[in-house]
Amino acid sequence: QLLHQRHLYEVFREGRPCWLYFDLEYARCANPDLRPTDVAAAFYELLNSFCLENLGSPVDMSSVYELDSTTAEKFSKHVVVKRLQNRICLQEGGEVTQELAFKNNAQAGLLVKKMMEFARSQRHEPESPARFLFARPKPKDGAVSKPDQAVGGGDEAAGSPAMPPQVSVVDEAVYTKNRCFRVLFSSKYGKRRPLLPMWGQGGTQLPAQQLFDSLASFVPQGTPLFAHPLIPPDFE
């Protein structure tokens, strides 16, 4: 009962560091053939492919915190990623750890934008996981759904009676300054869908530790910040 009374959010304060984070969602009622398990698997496969190709290493899955509030009507997940897999550096004679802590959430959003450009470039390939990361939006009375502007031409991009417009399952609008982001064990006000832990150690940790570990806005002092040519150091 207490889970349904919690409506807590963390705030990505302007100019403060954060971990790489994602907000995934789509309307299941508008996409009956799109299975949540396929979408989740495709997201991680594409994320790892993008990181391997562009950053030199896939994600360290032990550093991933997945929060889920999926229902029969809506697929909904928050994902926090804290580092890439260690890689061998011959020049330094040891392993190198790449943290995915960013100077600000705008820089995290820029990396997500690059990842979704990577996804859009592959979405029409038959075997690409990217095809599962675009879905039809839930129709709204008196409103016209905004199509994904970055897809290729034809009915799928513009929308038609035979092929409604599709939008990204990955929300690219959650990287604005001072953005609020719902935390573990909380639901939206008036809703009964709290975010619940889905990661490997979720069943053995105390709830307070689970909450603390899954905060995307808390980066311990001294954590090395992400640096890569993809992200201008002064981007905000």
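Readers should treat all values here as calculations from the given coordinates under stated rules, not as data from a laboratory. No experiment lies behind these values; they were computed from the predicted model shown.
For the reader, a short list of remarks on this structure follows.
- Karplus-derived HN-Hα couplings along the stretch 174-186 (A = 6.51, B = -1.76, C = 1.60, θ = phi - 60°), whole Hz, x at Gly and Pro: 9, 10, 7, 5, 6, 6, 8, 9, 4, 9, 4, 6, 10
- Residues in the stretch 219-236 carry Karplus couplings, in order, of 10, x, 4, x, 5, x, 8, 5, 9, 7, x, 4, 10, x, x, 9, 6, 8 Hz; the curve used is 6.51 cos²θ - 1.76 cosθ + 1.60 with θ = phi - 60°, and Gly or Pro positions show x.
- Members of Lys74/Lys114; Lys74/Lys177; Lys114/Lys188; Lys140/Lys191; Lys74/Lys113 lying beyond 21 Å, as alpha-carbon distances in this model show: Lys74/Lys114; Lys74/Lys177; Lys114/Lys188; Lys74/Lys113
- The length gained by stretching the chain between Phe235 and Thr97 to full extension, at 0.36 nm per residue less their Cα-Cα distance, is 47.4 nm.
- Whether the stretch 1-42 is rounded, prolate or oblate, judged on the alpha carbon gyration tensor where a/c under 1.5 counts as rounded: oblate
- Using the Karplus relation 6.51 cos²θ - 1.76 cosθ + 1.60 with θ = phi - 60°, the per-residue 3J(HN,Hα) values for the stretch 125-138 come to 6, x, 9, 7, x, 4, 5, 8, 9, 9, 9, 6, x, 5 Hz, with x marking Gly and Pro.
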